[in-house]
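Derivation of every value follows stated rules applied to the coordinates shown; laboratory data play no part. Just so we're clear, the structure is a prediction, and the values are computed from it rather than from any experiment. Here Cβ is always computed from backbone atoms with ideal geometry, including for glycine, and neighbour counts include all displayed protein chains.
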Amino acid sequence: MRFLAWLGLFLSARGVQGESLAKDELCVTVIFSAYNYISFQGDPTKGMWDTRCRNPYKVTSIYASSEIYCRDEERVVGLAQLAKLCREVGNGELLPRDAVAENLTEKAIRNMRVADYQELSRADFQDTPVLLSSAYFHRMFNTLSRMTYDEAADVIRLEITPGIPGLQVRPGDYYFLYQPFRFTGWENHPFTVGAWSYDVDPLGMSLNSSGKPRNSLDNTQLPLLSESYPDRESWDARKAQIQGSSTPRLIFWIRPYDGWTRRLRRQCLRAPNQAVHTTILLEGPYGHSYPLWRYESVLMIVGGTGIAAAVPYLQDHLQRSANHWSSTSEEKSRTRDVELVWTTRRSAFLRDLADRELHPMLSREDFRASFYATGSSDRFRQDFNDLGYTVQMGRPDLQSLILSRASKASAAGMKLAILVCGPAGMADEARAATHLSMKQGYQDIKYVQESFTW
């Protein structure tokens, strides 16, 4: 079972003053985020905020590493913010320094065990405070992140590139996104990892005997707290360092409605090049993958940013159906026929993904897509490398679509999986149509509904 990690992301770009994490708060934030990967004995031993705020060994470790790596002003401001979060989010008080002072003398800190990243298993509970190594502390900054807003699509695109290659991503992964240290309080919202991309072709990377990228790491073991890059040159220089690696870029699509997401859009619009300098914390990953690759026929019905549920399975299908796939631990895809039906308000969102994340699928013989736009009046046909697709106005007839698909799959002797992620009305219509299909005798159907929120 994957544990839940808190991953701080310092988005790299210039942004709006007053909305972002103060520079003095960053050092302590790095430190208490790092300790999510180390378990301690004592009371309490469970609960992220309970242990972070009250476990004497963990709190002592946070104080000790803060004294080693943070300046006086950083330590004062950062610990004050941590104490505030303990009260407002953890519903408790941060264990005061005086309560553990005997373990924070110069001699005690000098004699503390020093731990490097992944040196200690989270299953091994430490019975003494632990000091972060210098390499571990600085590793927490090795992430590139960017958030931009597309006005035509009315979608915020959040991209995160971890600093360590080999991060493993699975369809169905989702995180809670938090923006702390705001005058408006602490908020959190769930978002699915909508896609991942590589700086090199993931199908051409070097694979180990299990079919995974060499030197791969479990993403639940990976800290993702980036440093700020004050200018474009710094961003490009850091990006150049990871070009040619198998490091994935995680992509989230956020529809700005009201409240927090509307404020994110405002931050992007005010910032140069609509790129934001702010702080995002992630809790996760949650979720699980459903084995769509075991079904010969797959129908995906999604609405709006619900496309985030479908694209990871399409990317997974690309990898599992590759000719050189030889994994001994992961199954090769049995899917021979994939259809995507996507409805959204803005056609610009369709065009953007057709040109990017969906582009590799559009030329495949085992894939077809039907796009629908409900909020714009433009009809268009775009061609990318001789790939044509059409966006229809209005909404699809899901009952006719599902009945037809079920009939064809049954006639071909194929098992059918129907993946749905969209607004409640869409999900209800698809579920009713699937039930009707099964009543008419098409029994070999699996209905999978993913949660749709933002």
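The table for this structure:
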quantity: Spin-label pair E330/R345, simplified geometry with 7 Å Cα→Cβ offset, distance in nm; calculated: 3.6 nm
quantity: Ranking of D173, D444, D397 by count of other Cβ atoms within 10 Å, fewest first; calculated: D397, D444, D173
quantity: In Hz, Karplus ³J(HN,Hα) per residue of segment 298-306 (6.51, -1.76, 1.60; θ = phi - 60°; x = Gly, Pro); calculated: 10, 10, 10, 10, 9, x, x, 6, x
quantity: Burial order of peptide ranges 416-423, 332-339 (average beta-carbon count within 10 Å, highest first); calculated: 416-423, 332-339
quantity: In nm, spacing of pseudo-spin labels at D366 and N91 (7 Å Cα→C-beta vector); calculated: 4.9 nm
quantity: Anisotropy class of segment 16-139 from Cα gyration tensor, a/c 1.5 cut; calculated: rounded
quantity: Ranked T343, T51, criterion: other C-beta atoms within 10 Å, fewest first; calculated: T51, T343
quantity: Stretchable slack from H288 to A152, in nm (0.36 nm times residue separation minus alpha-carbon distance); calculated: 45.7 nm
quantity: FRET efficiency, S404 to M48 (Cβ-Cβ, R0 60 Å, nearest 0.05); calculated: 0.80
quantity: FRET E, pair Q440, T105, Förster distance 51 Å, beta-carbon r, rounded to 0.05; calculated: 0.10
quantity: Protection-proxy order for peptides 25-38, 85-98, 304-317, 65-78, each taking the mean of Cβ atoms within 10 Å per residue, highest first; calculated: 304-317, 25-38, 65-78, 85-98
quantity: Entries of K415/K439; K46/K446; K332/K439 with Cα pairs more than 27 Å apart; calculated: K46/K446; K332/K439
